[in-house]
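Remarks on the structure that follows.
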Amino acid sequence: MNVITSAPTPLSIADLDTINDSPKTKRVLLLKPRGFCAGVVRAVDIVKIALDTFGAPIYVRKEIVHNSYVVNDLAEKGAIFVNELDEVPEGARVIYSAHGVSPAVRADAKARGLKVIDATCPLVTKVHVEAIKFAKQGYSLVLVGHRDHEEVEGTQGEAPDVTQVVSTLEEVDALVVPDPEKVAYLTQTTLSLDEAKYMIEALKKKFPNIHGPHAQDICYATENRQVAVKNVAHGADLVLVVGSKNSSNSNRLVEVSKNLDTNSYLIDTADAINPEWLDGVNTVAVTAGASAPEVLVKDVVEYLQGMGYGDVNEVEVMPENVRFGLPPEIVQAIASAPRV
Ligand code: SF4
């Protein structure tokens, strides 16, 4: 069995050039920040605490976060993942995923007497609040994002009659609104920074007086992981992104790397690595999407060490210290749990 025999050696961005001077050494650059964001930590904690406090089964609407390993692990502990609320018995306890839900889902839960625990990421809630505010003020809303993504469904659901979702420049071109002077845009939290930039530029060109959010909707975790890849990919021969296929922010990391002409693959686990990808490759950068746990990154590094990539350096591109509090339903549950 391959094991990491020592902690990765820290390396600053400035030191990367030194490494590039010795390109023949087989090495791993472990990007930081990577993996779990504050919203995912919170959502996973909520399910675990709910299971501990209330006991199984606990129903979860949709995948709590988009990662197969995390979902399977929680399912083994007693969480039951469902697609829609009609699969949840009346009166049972249900958790909303980190991606959020529309008001229609909330109304459905209320009508069926479900006990709801909301694990929506606070940064997704921020976008919902903006959608409500703009809609109340009479704006037509343009939501930049992927329309099959649960987060987009939830945000659009806040003001479905006035919201149009766009994901391409052609769709921006084709937009028709009642009053071009009264338009606002929002974005999905996990878009590529570059893609969002050109989409917003196109929207500003089409609607010069368009309003936007006070602070960008792309979240800090999505931005930081992309910036880390941008800083390191040019000096790597391959970028491996640990994350599931339906993880939006993980897919964006692969795109960022490929846009910099560095080959990149999205892998759920180390088992998905095709050894042929390593042919002629000396430096492998490894990162992870915001829903991928560190244990899977460790497996990937161990696999690479077993393939001769002996030097492992952790490159911290920026510090990241964000934490979110738990929702009141969970705080109350913890407070009223019997002391042992
Ligand atoms: S990726 Fe961003 S928006 Fe999504 S859960 Fe993490 S912090 Fe929240």
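Condition check for residue 53 on (1) farther than 30 Å from residue 282 by Cα; (2) at pLDDT 95 or above; (3) in a helix (DSSP H, G or I): one failure, at (2).
Step by step: first the residues of the range 204-241, then only those that are aliphatic (A, V, I, L, M) and under 19 Å from residue 98 (Cα atoms), then the one that is nearest to the chain's Cα centre (by Cα). Which residue is that? Going through the qualifying residues, I end up with 221. Considering the range 279-294 alone, what residues qualify as being at negative phi and either among the aromatic types (Phe, Trp, Tyr) or out of contact with any helix residue (DSSP H, G or I) (no Cβ under 8 Å at 6 or more places or on another chain) (or both)? 279, 281, 282, 294, listed by residue number. Residue 130 meets the conditions (1) assigned to a helix (DSSP H, G or I); (2) of a type outside the set (Val, Ile, Thr); (3) within 16 Å of the ligand (Cβ to nearest atom); (4) surrounded by fewer than 20 Cβ atoms within 10 Å (Cβ to Cβ) in every case but one. The failed one is (4).
The range 214-333 holds helices (runs of 4 or more DSSP H) entirely within its bounds, and those carrying 2 or more residues that are within 16 Å of the ligand (Cβ to nearest atom) and crowded, with 21+ Cβ neighbours inside 10 Å map to 220-232, 248-259. Within the range 57-80, is there a residue that is away from the ligand (no atom under 15 Å from the Cβ), surrounded by 17 or more Cβ atoms within 10 Å (Cβ to Cβ), among the charged types (D, E, K, R) and touching a residue at least 40 places away in the same chain (Cβ under 8 Å)? Yes, the range 57-80 contains at least one residue that is away from the ligand (no atom under 15 Å from the Cβ), surrounded by 17 or more Cβ atoms within 10 Å (Cβ to Cβ), among the charged types (D, E, K, R) and touching a residue at least 40 places away in the same chain (Cβ under 8 Å).
Could you tell me whether the range 108-119 includes any residue that is more than 16 Å from residue 51 (Cα to Cα) and crowded, with 21+ Cβ neighbours inside 10 Å? No, the range 108-119 contains no residue that is more than 16 Å from residue 51 (Cα to Cα) and crowded, with 21+ Cβ neighbours inside 10 Å. When 164, 188, 156 are screened for being within 25 Å of the chain's Cα centre (by Cα) and within 14 Å of the ligand (Cβ to nearest atom), only 188 passes. Exactly one residue among 40, 94, 105, 28 is crowded, with 16+ Cβ neighbours inside 10 Å, at pLDDT 95 or above and within 16 Å of the ligand (Cβ to nearest atom), and that residue is 40. Here residue 115 meets each of (1) closer than 24 Å to residue 248 by Cβ; (2) outside the structural domain of residue 199 (by TED's automatic domain parsing) with one exception, condition (1). Take the range 142-185 and flag every residue that is within 18 Å of residue 218 (Cβ to Cβ), touching a Ser or Thr at 6+ places or on another chain (Cβ under 8 Å) and part of a loop (DSSP other than H, G, I, E, B). Answer for the range 142-185, where residues must be within 18 Å of residue 218 (Cβ to Cβ), touching a Ser or Thr at 6+ places or on another chain (Cβ under 8 Å) and part of a loop (DSSP other than H, G, I, E, B): 145, 146, 147, 149. Just to be sure before I move on: is residue 191 under 15 Å from residue 219 (Cβ atoms) and not in a helix (DSSP H, G or I) in the structure I sent? Judged against the criteria, residue 191 is a match.
Looking across the range 73-99, just one residue is of a type in the set (S, T, N, Q) and more than 18 Å from the chain's Cα centre (by Cα), and that is 83.
The values are calculated or read from the model by the stated rules, or taken from the named source; none is laboratory data. All of these numbers come straight from a predicted model, not from anything done at the bench. Positions of Cβ are generated from backbone atoms using ideal geometry, with glycine treated the same way; all protein chains shown enter the neighbour counts.
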